[in-house]
Amino acid sequence: MRPKVIIYNATSLDGRIDSFEADVGLYYRLAGTWGEDATLVGSGTMFKPGRDREEGPEEGYEPPERDPGDTRPLLVVPDSRGRVRSWNSIRSWPYWRDVLVLVSRSTPREYLDYLDGKRVRHAAIGRDHVDLRAALALLARRYGVRVVRVDSGGTLNGALLREGLVDEVSVLLHPTLVGGTGVRPLVVGPDPASPDEAVALRLTRMERQKGGIVWLRYKVVKRDSRGRKGRARSRSR
């Protein structure tokens with residue numbers, strides 16, 4: 001049993017997720033469509049200039065009290081390498097009720113001690129890296145998560161897709177071309193060995209938004225154990 005997983009990104013017409021001016025207001029208004037219980041964000045997305053410095057105890061930050069009645073999503077960040085060190089600032093943002101850091105058994109002990117010192121909840125899932133399938137099962141079992149919205153870059157998107165863990169891909173397509181050689185695409189991963197390894201999608205909804213933006217929603221076409229394409233369906237339970 002695992003939650004329904006939706007990848008949601010704003011992109012340019014040539015598939016970039018950076019270096020263009022996205023309609024942020026529209027993006028987050030539509031993000032409420034799924035009523036997510038958890039937001040899954042990669043450590044590379046959280047690890048940004050200006051947010052990468054380690055916060056010390058002199059800042060005097062006390063984590064907020066946990067309210068069982070709080071209906072905001074849970075922020076979930078896979079960070080087995082221990083990159084994110086700005087949890088005081090992150091927990092002060094109003095978007096999430098709490099945070100959970102996913103680590104692995106290879107995560108440095110120093111980082112785990114750091115999280116404990118900050119009273120940041122964490123769970124070790126996987127040996128060398130975070131086991132995303134097991135992590136999703138944990139979210140459903142321990143936290144009652146039914147819907148996960150992935151708000152991240154191409155690396156985490158690609159990992160989830162390769163594991164067959166995505167039910168829907170939703171793209172807010174902006175009428176702009178970026179180009180460039182240092183491309184940050186919607187999905188990052190190894191080149192497929194054959195066309196059969198490409199992830200097949202089925203368009204379920206298309207809406208024109210203001211400014212020529214088009215909102216595209218796709219179901220991921222599932223494959224059976226022999227790699228054959230099957231009927232797209234939601235695995236939300």
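No lab work stands behind these numbers, since they all come straight from the coordinates. In this text, all values refer to a predicted model and were calculated from it rather than measured experimentally. Cβ coordinates were reconstructed from backbone atoms using ideal geometry, including for glycine residues, and neighbour counts include every protein chain displayed.
For this structure, a couple of remarks:
- Angle in degrees between helix 132-143 and the longest Cα principal axis of the chain, rounded to the nearest 10: 60
- From phi via Karplus (6.51, -1.76, 1.60), per-residue ³J(HN,Hα) for the stretch 106-118 in Hz, x at Gly/Pro: 9, 5, x, 4, 4, 6, 5, 5, 4, 4, 4, x, 8
- The stretch 81-89 - phi-based ³J(HN,Hα) in whole Hz, Karplus 6.51/-1.76/1.60, Gly and Pro as x: 8, x, 8, 7, 10, 10, 5, 4, 5
- For Rg and Dmax of the Cα atoms in Å, calculated from these coordinates, the label among (1) 51.8, 188; (2) 18.3, 57; (3) 17.4, 55: (2)
- Since only M206, L132, N157 are under comparison, the one whose Cα sits farthest along the positive direction of the charge dipole of the stretch 116-233, derived from C-beta charges on Lys, Arg, Asp and Glu, is M206.
- Under-22-angstrom lysine pairs by C-alpha in the chain, whenever the two are 8 or more apart or on separate chains: 5
- Under the Karplus curve 6.51 cos²θ - 1.76 cosθ + 1.60, θ = phi - 60°, whole-Hz ³J(HN,Hα) for the stretch 181-196, x wherever Gly or Pro sits: 9, x, 6, 10, x, 5, 10, 10, x, x, 4, x, 6, 8, x, 5
- Estimated [θ] at 222 nm from DSSP helical runs (n ≥ 4, -39500 (n - 2.57)) normalised by residues in the chain, nearest 500: -5500 deg cm²/dmol
- Under-5 Å amide H pairs with S104, H placed in peptide plane, nonlocal only: I125
- The packing ranking of peptides 175-184, 112-121, 145-154, highest mean first, is 145-154, 112-121, 175-184, where packing means the average number of other beta carbon atoms within 10 angstrom of each residue.
- Mean-position separation - Cα centroids, the stretch 109-158 and the stretch 178-213, in angstrom: 25
- Working ranking of peptides 188-197, 38-47 by packing, defined as the average number of other Cβ atoms within 10 Å per residue, highest first, is 38-47, 188-197.
- Taking amide H as placed 1.01 Å from N in the peptide plane, T176 has its amide H under 5 Å from the amide H of L13, each at least 5 places away in sequence or on another chain.
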